[in-house]
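Novice: Pasting in a structure now, in structure tokens, and then I'll have a few things to ask.
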Amino acid sequence: MIVLQNISKYYYTDTSVTQALRKINLEFKIGEFVAITGESGSGKSTLLNVISGMDAFDDGEMFFCGEPTFQYDAADWENFRRNEIGFVFQNYSLIGHYTTVENIKSALLIMGYQEEEATRKAVTYLEKVGLKGLEKQRASELSSGQKQRLSIARALAKNTSIIVADEPTGNLDRETGDQIIQLLKELSKDKLVLMVTHNYDQAEPYVTRKIRLHDGEVVVDVPVNEQDESV
Ligand code: ADP
Ligand code: ADP
């Protein structure tokens, strides 16, 4: 559903040019749970940003559901980000003084949902991530794990086929992090979930694919935990 062909991306500063992505070729499908690994500066965030339409790329082509994106203008990219991508961030990106429900609703109202429908969906998705009963709680009053669950509920409520998670367990203890990865794993049954992680060992039991970047290039791209290992 997402295809990257020879994608290159440069960052220009006054004094230098950094090539953050070097001719990346990748294909992603619904049902995949992909761990994106690599040392700091290898291009992981840039790759996620390009795939989610947050960063423009310089060379190559990206296809979304078979459709090339070269003709997208700024408004098309904005629609793509808004309607096709659910974002989960390391620092949650919640509005602290809003309740859990309001945090989800605000994203839905921006998408054009009506008030009632937005509330209904918000409550449904809170339940889905295990936050039932916390509808009136302010986001700032949640534990770290609950905050990440809320940010996942917000991403889910958008009903996108792609979830992009940048270090979703970065601020969580091991056990809480495991729970969050399990939740993402469940979601990947009918979505594409792309997760940047510094802690591949923790993610390994759950993901279906490992991608490793080095200096802007894909140096590892292998399936993990393949179902059919029985002989
Ligand atoms: P990672 O997420 O793996 O740490 P990044 O995608 O953030 O890597 O960065 C890839 C390369 O691009 C690095 O060399 C980084 O310094 C450079 N880079 C990232 N963002 C910018 C920016 N806004 N301006 C200039 N260089 C950048
Ligand atoms: P212009 O060169 O006239 O600014 P572009 O189509 O290159 O027009 O970009 C318009 C806006 O769309 C830019 O602000 C850029 O951030 C965004 N944009 C362009 N290409 C991409 C892309 N591949 N991913 C995300 N945003 C993009």
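Novice: Please indicate, with yes or no, whether at least one residue in segment 94-101 is modelled with pLDDT under 95, open to solvent by less than 40 Å² (accessible area, probe 1.4 Å), within 29 Å of L183 (Cα to Cα) and more than 12 Å from ligand 2 (Cβ to nearest atom). So that I can check it myself, show each step before the final result.
Specialist: Step one: filter segment 94-101 for residues modelled with pLDDT under 95, giving none.
Within segment 94-101, not a single residue is modelled with pLDDT under 95, open to solvent by less than 40 Å² (accessible area, probe 1.4 Å), within 29 Å of L183 (Cα to Cα) and more than 12 Å from ligand 2 (Cβ to nearest atom).
Novice: Out of all the residues in segment 181-231, which are touching a residue at least 12 places away in the same chain (Cβ under 8 Å), assigned to a helix (DSSP H, G or I) and under 20 Å from G86 (Cα atoms)?
Specialist: I181, Q182, L183, L184, K185, L187, A203
Novice: Can you tell which of L134, L150, L126, L142 is open to solvent by 20 Å² or more (accessible area, probe 1.4 Å) and without any contact (Cβ under 8 Å) to a residue 60 or more places away in the chain?
Specialist: Residue meeting the stated conditions: L134.
Novice: Mind listing just one residue for me: the one in segment 26-62 that is aliphatic (A, V, I, L, M) and more than 16 Å from ligand 2 (Cβ to nearest atom) and, of those, farthest from D215 (Cα to Cα)?
Specialist: To start, the set of residues in segment 26-62 that are aliphatic (A, V, I, L, M) comprises 26, 30, 34-36, 47-48, 50-51, 54, 56, 62.
Those still in the list that are more than 16 Å from ligand 2 (Cβ to nearest atom) too: 30, 34-36.
Values: I30: 27, V34: 19, A35: 17, I36: 14 Å.
If we take residues in segment 26-62 being aliphatic (A, V, I, L, M) and more than 16 Å from ligand 2 (Cβ to nearest atom), then I30 is farthest from D215 (Cα to Cα).
Novice: Would you mind stating whether S93 is hydroxyl-bearing (S, T, Y), assigned to a helix (DSSP H, G or I) and more than 16 Å from ligand 1 (Cβ to nearest atom)?
Specialist: no
Novice: Next question. Run F87 past the list (1) crowded, with 18+ Cβ neighbours inside 10 Å; (2) free of Cβ contacts under 8 Å to residues at least 60 places away in the same chain; (3) of a type in the set (F, W, Y) and report the number of the one that doesn't hold.
Specialist: (2)
Novice: While we're here: I30 passes all but one of (1) closer than 25 Å to L184 by Cβ; (2) within 16 Å of ligand 1 (Cβ to nearest atom); (3) touching a residue at least 60 places away in the same chain (Cβ under 8 Å); (4) open to solvent by 50 Å² or more (accessible area, probe 1.4 Å); which number fails?
Specialist: (2)
Novice: Right, something else. Among all residue pairs at least 6 apart or on different chains, which show Cβ distances below 6 Å where the first residue, located in segment 48-76, is more than 16 Å from G216 (Cα to Cα) and the second is within 16 Å of ligand 1 (Cβ to nearest atom) and β-branched (V, I, T)?
Specialist: Close Cβ pairs (under 6 Å, with a partner that is within 16 Å of ligand 1 (Cβ to nearest atom) and β-branched (V, I, T)) amount to S52/V164.
Novice: Sticking with this structure for a sec: State whether the residues of segment 2-25 include one that is under 26 Å from K189 (Cα atoms), among the hydroxyl-bearing types (S, T, Y) and either in contact (Cβ under 8 Å) with a residue 12 or more places away in the chain or within 16 Å of ligand 2 (Cβ to nearest atom) (or both).
Specialist: no
Novice: Only one residue in T37, T46 is buried (at least 18 other Cβ atoms within 10 Å of the Cβ), touching a strand residue (DSSP E or B) at 6+ places or on another chain (Cβ under 6 Å) and farther than 17 Å from I2 by Cβ, so which one is that?
Specialist: The unique qualifying residue is T37.
Novice: I would also like to ask the following. Considering only segment 152-207, how many residues are within 15 Å of K128 (Cα to Cα) and either among the hydrophobic types (A, V, I, L, M, F, W, C) or in contact with a helix residue (DSSP H, G or I) (Cβ under 7 Å, 6 or more places away or on another chain) (or both)?
Specialist: Summing the residues that are within 15 Å of K128 (Cα to Cα) and either among the hydrophobic types (A, V, I, L, M, F, W, C) or in contact with a helix residue (DSSP H, G or I) (Cβ under 7 Å, 6 or more places away or on another chain) (or both) in segment 152-207 gives 13.
Novice: Tell me whether segment 59-74 contains one or more residues that are open to solvent by 60 Å² or more (accessible area, probe 1.4 Å) and of a type in the set (G, A, S).
Specialist: Pass one, segment 59-74, residues open to solvent by 60 Å² or more (accessible area, probe 1.4 Å): 59, 65-67, 70-71, 73-74.
In the following step, the residues that additionally are of a type in the set (G, A, S) were identified as 66, 74.
Checking segment 59-74: at least one residue is open to solvent by 60 Å² or more (accessible area, probe 1.4 Å) and of a type in the set (G, A, S).
Novice: Identify, by number, the condition in (1) within 16 Å of ligand 2 (Cβ to nearest atom); (2) modelled with pLDDT of 95 or more; (3) open to solvent by less than 80 Å² (accessible area, probe 1.4 Å); (4) over 14 Å from the mean Cα position of the chain (by Cα) that N79 doesn't meet.
Specialist: It is condition (2) that N79 fails.
The values are calculated or read from the model by the stated rules, or taken from the named source; none is laboratory data. Since the structure is predicted, the reported quantities are computational estimates derived from the model, not experimental observations. Note that we place each Cβ from the backbone using ideal geometry, even for glycine, and neighbour counts take in every protein chain shown. Surface areas here come from the heavy atoms of the whole protein model, side chains and all, with no ligands, DNA or RNA. Shrake-Rupley method; radii C 1.70, N 1.55, O 1.52, S 1.80 Å.
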